[in-house]
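First the structure, in the form of structure tokens, and then the observations on it.
The values are calculated or read from the model by the stated rules, or taken from the named source; none is laboratory data. It should be emphasised that the depicted structure is a prediction, and the values quoted were computed from it without experimental measurement. All Cβ positions, glycine included, derive from the backbone under ideal geometry; neighbour counts span all protein chains shown.
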Amino acid sequence: MKRQVIRPRRLRRTAAIRGLVRETRLSPEQLIYPMFAAAGSNRATEIEAIPGQFRWPIDGLCEEAGRAYERGVKSVLIFGIPESKDEMGSGAYDPKGVVQEAVRALKRALPDLTVMTDVCLCQYTSHGHCGVVDESGCVMNDPTLELLARTAVSHAAAGADVAAPSDMMDGRVGAIREALDESEFENVAVMSYAAKYASAFYGPFREAAESAPAFGDRKSYQMDPANQREALKEVALDIEQGADIVMVKPALAYLDVIQLVRQRFDVPVAAYNVSGEYAMVKAAAGNGWLDEKAVVLEILTAIRRAGADMIITYFAKEAADWLKKSI
Ligand code: PBG
């Protein structure tokens, strides 16, 4: 019998050799920690469907961001939970709104932290849609653009480094870029949720933000999970309009989309490891069915391998700890 000459196992023999030939690296500075700032609260409340994540009062938010920063996670993505909501989502662009106050406090406490803000109306509208709606319940595209642009400018005025529109209205990146530039925030970057799918994996987030739509669903603006070519069209449009970073969301069920976007475009690609993906791991780990640490590092590595330069993940802080210890 002829001896086997090519033996891939030679390069898997020791941890040191595996380290030499490893193709994908994961480091804490590639992680973005999504956090919820809650208005009018003075203590952190845990979010049931996203266990281990909290609705933070502003001082608690700064302390938690500090703990993440110490571990090497240097970027956060801030979501706001306002005290009240209205038809026009006015809390989103209130200069004294919860995100605006949170950004000011974060920048004071941690000047080197990269503060990204989610730009959308759904947490602030009484009907829970990502834009303004007409009498028939239709989400109106162009009237929403102006409100999104105001929201982004108010975040920039508070000190945000990156505005991240997640609404999926057509033309919002251009509207936001133009408004930022007019207000002399030309150094504030835009990370667009470019290929954002109408996904059931956002369920836990909507519980956290109390932002489930009161009627209908988001399928008339978020993408159909069946589509891949359309993601390329969305990404191309956002880049044309000035997006600095493009995002694919969710991550795990859309690794093919991440890979394709990485191959076709030359801008940094972000992937959002969303609340439902986090909740599944937490539930299984809580039951003793999965090794949480091993599974999380495998998932995050896989998202990087697919082509994401950066990953938004609720595991950011823990993953940073685990990565330090595994070196
Ligand atoms: C707001 C927004 C959502 C998420 C991020 N920004 C919810 C949605 O579109 O319904 C989801 C994040 C997650 O599930 O972790 N538009």
If we keep only residues of region 282-327 that are among the β-branched types (Val, Ile, Thr) and within 13 Å of the ligand (Cβ to nearest atom), then the residue surrounded by the fewest Cβ atoms within 10 Å (Cβ to Cβ) is Ile311
Within the bounds of region 64-85, is there any residue that is among the acidic types (Asp, Glu), surrounded by fewer than 24 Cβ atoms within 10 Å (Cβ to Cβ) and closer than 22 Å to Met168 by Cα? no
Output for region 11-43, where each listed residue is among the hydroxyl-bearing types (Ser, Thr, Tyr) and touching a residue at least 40 places away in the same chain (Cβ under 8 Å): Thr24, Ser27, Tyr33
Given (1) within 10 Å of the ligand (Cβ to nearest atom); (2) out of contact with any helix residue (DSSP H, G or I) (no Cβ under 7 Å at 6 or more places or on another chain); (3) modelled with pLDDT of 95 or more; (4) outside any strand (DSSP E or B), number of the condition Ala226 does not satisfy: (1)
State yes or no: is Ser192 out of contact with any Ser or Thr (no Cβ under 7 Å at 6 or more places or on another chain), surrounded by fewer than 23 Cβ atoms within 10 Å (Cβ to Cβ) and small (Gly, Ala, Ser)? no
Gln241 fails exactly one of (1) surrounded by 15 or more Cβ atoms within 10 Å (Cβ to Cβ); (2) within 16 Å of the ligand (Cβ to nearest atom), namely (2)
Mind counting the residues in region 141-165 that are among the hydrophobic types (A, V, I, L, M, F, W, C) and either at pLDDT below 95 or assigned to a strand (DSSP E or B) (or both)? 3
Which number in (1) at pLDDT 95 or above; (2) under 23 Å from Ala37 (Cβ atoms); (3) within 15 Å of the ligand (Cβ to nearest atom); (4) surrounded by fewer than 20 Cβ atoms within 10 Å (Cβ to Cβ) marks the one condition that Ala212 misses? (1)
Can Ala39 be described as at pLDDT 95 or above and either surrounded by 12 or more Cβ atoms within 10 Å (Cβ to Cβ) or acidic (Asp, Glu) (or both)? yes
